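The values are calculated or read from the model by the stated rules, or taken from the named source; none is laboratory data. Quick caveat: nothing in here was measured; it's all calculated off a predicted structure. Accessible surface areas use protein heavy atoms only, side chains included; no ligands, DNA or RNA. Shrake-Rupley method; radii C 1.70, N 1.55, O 1.52, S 1.80 Å.
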Amino acid sequence: MSRPRFHVKKGDSVEVISGNFRGSSGKVLQVLPKKQRVLIEGVRIIKKHLRKSQDNPQGKIAEREGPIHISNVRLVDRGDRDGKAKTGRKSAEPKAEKAAKPTRRKTKAAKEE
């Protein structure tokens with residue numbers, strides 16, 4: 001049985017393209033491959049009621065991100081993945097800095113040169 005591959009990975013910047021949270025964007029915190037869902041920073045904040053414990057003597061209502069189906073998100077920027085983003089040079093000079101094509105963000109290779 002093969003491992004499923006998805007178009008987003010942890011650390012990528014994504015935008016929600018459908019559903020209640022359409023138009024929201026953030027960074028992927030976690031990918032849940034078995035459920036085909038992702039957790040995105042600041043999107044679908046849910047309230048989790050925590051029972052009284054030694055850590056929380058009064059109990060607590062904690063806010064955290066809820067999962068969204070992976071088909072509802074679109075990749076905006078690949079984060080800090082090395083060598084994976086499509087790049088182009090800003091000018092014809094050989095020492096010109098490289099930048100990611102969709103966002104024109106400088107890549108690590110350009111920062112090192």
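At 1.4 Å probe size, put Lys60, Lys47 in order of accessible surface, largest to smallest.
Ranked from most to least accessible, the order is Lys47, Lys60.
With respect to the cross-link table entries Lys27/Lys60; Lys10/Lys34; Lys10/Lys35; Lys27/Lys48, which display a Cα-Cα separation exceeding 23 Å?
Lys27/Lys60
Percent relative contact order of the range 9-50, based on C-alpha pairs within less than 8 angstrom and at least six residues apart?
About 32 percent, as a whole number.
Quick one: Karplus J couplings for the range 26-35, per residue in order, coefficients 6.51, -1.76, 1.60, θ = phi - 60°, nearest Hz, x for Gly and Pro?
Along the range 26-35, the couplings run x, 9, 6, 8, 7, 10, 10, x, 5, 9 Hz.
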